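*Asks:* Mind having a look at this structure? Questions to follow.
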Amino acid sequence: MNVSKGDTEFLDLPGGRLAYSVDGPQDGLLVVCAHGMGDTRAAYRHLTPRLTEAGYRVAVVDVRGHGESSADWPSYAPEHVAGDLLALVRHLGGPAVLVGSSSSTAAVTWAAADSPGDVAGAVLISPFVRDAQLNFFMRAAQGLVLRSPRLWGVYYRTLFPNTKPADLGDHVRRLRAVLAEPGRMAATRGVIEPTEVRWTERAGDVHRPVLIMMGTRDPDFPDPEEEARMAVDLMAPAARLAMIEGSGHYPYQDMPGATAEAIRQFLLETVSA
């Protein structure tokens, strides 16, 4: 059984270049993981080894404009990120299970709706169903955070209200260094620019198995379970729910064991059934 090494590789696409790495047995089911805004593929550093040990071939990608992928793409809209994910799946030899976190859940939904032949299933971690209602002061604060690598790092730490990864400080320092590069904060802002069609309008077009995952302590939602159940309802009957007790916005970082087990069970009972 051949095993991939996880070295950085690149895929050239119209508009830019994607950075990604692949780990795990080459004959394992392909799982492609996309991170949220302002992050890098290193966000999956604790989940990847758990999935590869379970026999999956795991590709983690720096979403366009982030990490080692090129900056200054013409668009950061979810339908275009979805095209990137599908291009990577075809390049690596799919079909694949797509894992999206936070903002990238929109792209995963779009990809699953547009090309079910390439997508065997989807895992949506911390999806935003409703638009956040921000007052003037919160909008001003958001504007500052989205222009400052230092303030982004401060905000990022708040997304772990309970358990924090032991290496969170190192990860945040690396994020700040990447975000200080030209074009990176603009790409982060681009992720949340309004689009003509929201991902929720594509949710009903997804007919592959879907796992909605949410941390019970996710500070980005007034009621995390309510938000998660709304996502499940949007994607019924394809979707099921996994709440990760005590986790914040990134369960795969603060509760990687429980996250990996929920994904493994989902894949065994649906995609691999």
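The values are calculated or read from the model by the stated rules, or taken from the named source; none is laboratory data. Just so it is clear, the structure is predicted and the values come from calculations on it, not from any experiment. Note that we place each Cβ from the backbone using ideal geometry, even for glycine, and neighbour counts take in every protein chain shown.
*Asks:* Would you be able to say whether some residue in the stretch 264-272 is closer than 18 Å to Ser103 by Cα and touching a Pro at 6+ places or on another chain (Cβ under 9 Å)?
*Replies:* Going through the stretch 264-272, the residues closer than 18 Å to Ser103 by Cα turn out to be none.
No, there is no match, as no residue in the stretch 264-272 is closer than 18 Å to Ser103 by Cα and touching a Pro at 6+ places or on another chain (Cβ under 9 Å).
*Asks:* Separate question: Restricting to the stretch 230-242, and then to whatever is touching a residue at least 12 places away in the same chain (Cβ under 8 Å) and part of a loop (DSSP other than H, G, I, E, B), can you tell me which residue is surrounded by the fewest Cβ atoms within 10 Å (Cβ to Cβ)?
*Replies:* Ala238
*Asks:* Out of all the residues in the stretch 243-255, which are among the hydroxyl-bearing types (Ser, Thr, Tyr) and either modelled with pLDDT under 95 or surrounded by fewer than 17 Cβ atoms within 10 Å (Cβ to Cβ) (or both)?
*Replies:* Within the stretch 243-255, none qualify.
*Asks:* Same structure again: Please determine, by comparing only the residues of the stretch 142-162 that are within 19 Å of the chain's Cα centre (by Cα) and outside any helix (DSSP H, G or I), which one is farthest from Ala187 (Cα to Cα).
*Replies:* Only one residue tops the list, namely Phe160.
*Asks:* From the set of residues in the stretch 128-157 that are of a type in the set (Val, Ile, Thr) and within 15 Å of Met37 (Cα to Cα), which is modelled with the highest pLDDT?
*Replies:* Selected residue: Val154.
*Asks:* Glu225: farther than 25 Å from Leu47 by Cβ and either free of Cβ contacts under 8 Å to residues at least 12 places away in the same chain or surrounded by fewer than 20 Cβ atoms within 10 Å (Cβ to Cβ) (or both), yes or no?
*Replies:* No, not satisfied.
*Asks:* To continue, here is another question. Out of the stretch 168-219, which residues are part of a loop (DSSP other than H, G, I, E, B) and either within 20 Å of Thr40 (Cα to Cα) or among the charged types (D, E, K, R) (or both)?
*Replies:* Applying the first criterion (part of a loop (DSSP other than H, G, I, E, B)) to the stretch 168-219 yields 180-183, 192-198, 202, 206-209, 216-219.
Scanning the stretch 168-219 gives Ala180, Glu181, Pro182, Gly183, Ile192, Glu193, Glu196, Arg198, Arg202, Arg208, Arg217, Asp218.
*Asks:* Okay, next question. Considering the stretch 256-271 alone, what residues qualify as being over 17 Å from Val58 (Cβ atoms) and surrounded by 24 or more Cβ atoms within 10 Å (Cβ to Cβ)?
*Replies:* none
*Asks:* Sort through Thr109, Thr8 and tell me the only one that's at pLDDT below 95, touching a Phe, Trp or Tyr at 6+ places or on another chain (Cβ under 8 Å) and not acidic (Asp, Glu). Show your work before the answer.
*Replies:* Working: Thr109 fails: at pLDDT below 95.
Answer to the check: Thr8.
*Asks:* On to the next question. In a helix (DSSP H, G or I), touching a Phe, Trp or Tyr at 6+ places or on another chain (Cβ under 9 Å) and acidic (Asp, Glu): does that describe Glu227?
*Replies:* On the way: in a helix (DSSP H, G or I): yes; touching a Phe, Trp or Tyr at 6+ places or on another chain (Cβ under 9 Å): yes; acidic (Asp, Glu): yes.
Answer is yes for this residue.
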